[in-house]
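**Q** I have a structure I would like to understand better, so I am pasting it below and will then ask my questions one at a time.
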Amino acid sequence: MSINALNLEELNQQLRNESPEAIIRWALSVGEKAIMTTSFGYNSAVSLHQLSQIDSTVPVVWVDSGYNVKDAYLVADQLARDLQLDLRVYNPRVSAERRNALMGGIPSVDEANFDEFVKQVKLEPFARALDELQPKIWLTGIRKEETVHRQSLDIVSLDGRGILKVAPIFHWTDEQVLAYMAEHNLPSCKH
């Protein structure tokens, strides 16, 4: 099945009432190379756990900016180990200390060097991951209620690079996320 031949509107209707696990199974059944991304943020364990129950050989991409707090690294290590994830860590080419020295710390959104900062800590490492892994399916833990922009998206969308983005917990609420984490005793980054 060609990704470009998918009717996204119809597909989103079909997947709307499916479980996240069913959505992941569907995405993997398309037969194209898949990745999952994670930030190891407070709810990241949910999607990672769901994927690990279905196929722990799917590469999990983490763009580690170098600015994470201690508990993010501890949770990342614990989840990678406990869930037996195929974790692929991509770091910026410039260290956080060097960037801090050259940019004077993390620039605010309205500073001139903010775009360059984002390019260095997020965009370039992620582009490198995509170039190396060549996925056609991108599993993501984004949820509709998280941002105004995400409210304009859906479970399945096609990004500008032609990669099919699939968000299995897109319609989940904070309460559903917390209940799942408690039920499966999943660790969370608190900061």
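**Q** For segment 152-191, which semi-axes, largest first and in whole Å, follow from the square roots of 5 times the eigenvalues of its Cα gyration tensor?
**A** On the way: eigenvalues 144, 27, 16 Å².
Equivalent-ellipsoid dimensions as semi-axes: 27, 12, 9 Å.
**Q** Still on this structure: Label points 7 Å out from Cα along the Cβ direction at D71 and N17: separation in nm?
**A** Modelled inter-label distance: 3.8 nm.
**Q** Ok, one more. What are the extents of the Cα atoms of segment 1-91 along their three principal axes, in Å, largest first?
**A** Computed over segment 1-91, the largest-to-smallest principal extents equal 43, 24, 21 Å.
**Q** Counting Lys and Arg as +1 and Asp and Glu as -1, each charge on the Cβ, what is the dipole of the chain about the Cα centre in debye, to the nearest 20?
**A** With only Lys, Arg, Asp and Glu charged at Cβ, the dipole is about 360 debye.
**Q** A follow-up question, please. Any chance you could tell me what percent of the C-alpha pair distances in segment 10-50 go past 16 Å? Each step should come with its number before you reach the end.
**A** Details: 377 of 820 pairs.
Here the tail beyond 16 Å accounts for 46 percent of pairs.
**Q** Related question: Working with all protein chains in place, sort R16, R88, R143 by solvent-accessible area computed with a 1.4 Å probe, largest first.
**A** R16, R88, R143
**Q** On average, how much accessible surface per residue is there in the chain, in Å², for a 1.4 Å probe, leaving out ligands, DNA and RNA?
**A** 54 Å²
**Q** On to the next question. Rounded to the nearest 10 Å², what accessible area does D154 show when all protein chains are kept and the probe is 1.4 Å?
**A** For D154, the solvent-accessible surface is approximately 50 Å².
**Q** Report P(r) for the chain: all Cα-Cα distances, bin width 10 Å, range 0 to the bin holding the largest distance, values in whole percent.
**A** Histogramming the chain at 10 Å steps yields 9, 34, 37, 18, 3, 0 percent.
**Q** For a quick check of understanding: with a 1.4 angstrom probe and all protein chains in place, what accessible area in square angstrom does Y73 have, to the nearest ten?
**A** Using a 1.4 Å probe on the heavy atoms, I get roughly 80 Å².
**Q** Moving on to the next point. How much of the DSSP beta bridge set in the chain is antiparallel, as a percent to the nearest 5? It would help to have the intermediate numbers written out before the result.
**A** On the way: 3 of 17 bridges.
If we restrict to bridges inside the chain, about 20 percent are antiparallel.
**Q** Could you grab the relative contact order for segment 1-135? Cα pairs under 8 Å, six or more apart, rounded to a whole percent. Walk me through the intermediate numbers first.
**A** On the way: 124 pairs, mean separation 30.7, N = 135.
With pairs under 8 Å counted, the relative contact order is 23 percent.
**Q** Follow-up. Got a sec? What order do L28, L178 fall in by accessible area at 1.4 Å, biggest, i.e. largest, first?
**A** Largest accessible area first, the list is L178, L28.
**Q** Calculated from DSSP H runs of 4 or more alone, at -39500 (n - 2.57) each and per residue, what is the 222 nm mean residue ellipticity of the chain, nearest 500?
**A** The helix contribution divided over the chain gives -11500 deg cm²/dmol.
**Q** How would K190, K165, K144, K119 line up by accessible area, probe 1.4 Å, largest first? It would help to have the intermediate numbers written out before the result.
**A** Details: K190 155, K165 45, K144 80, K119 110 Å².
Of K190, K165, K144, K119, the descending order of accessible area is K190, K119, K144, K165.
**Q** Rounded to the nearest 20 debye, what is the charge dipole size of segment 82-191 about its Cα centre when +1 sits on each Lys and Arg Cβ and -1 on each Asp and Glu Cβ? Intermediate values should be presented prior to the final figure.
**A** On the way: 14 positive and 17 negative charges, 65 e Å.
Dipole about the Cα centre, nearest 20: 320 debye.
**Q** Within the accessible area of segment 63-174, what % is carbon and sulfur when the probe is 1.4 Å and the other protein chains stay in place? Don't skip to the answer; put the middle values down first.
**A** On the way: 3180 of 6240 Å².
Its accessible area is 51 percent carbon and sulfur atoms.
The values are calculated or read from the model by the stated rules, or taken from the named source; none is laboratory data. No experiment lies behind these values; they were computed from the predicted model shown. Ideal geometry is used to build each Cβ from the backbone, glycine not excepted, and the neighbour counts take in all protein chains shown. Heads up: the accessible areas ignore ligands, DNA and RNA and are worked out on the full protein's heavy atoms, side chains in. Shrake-Rupley method; radii C 1.70, N 1.55, O 1.52, S 1.80 Å.
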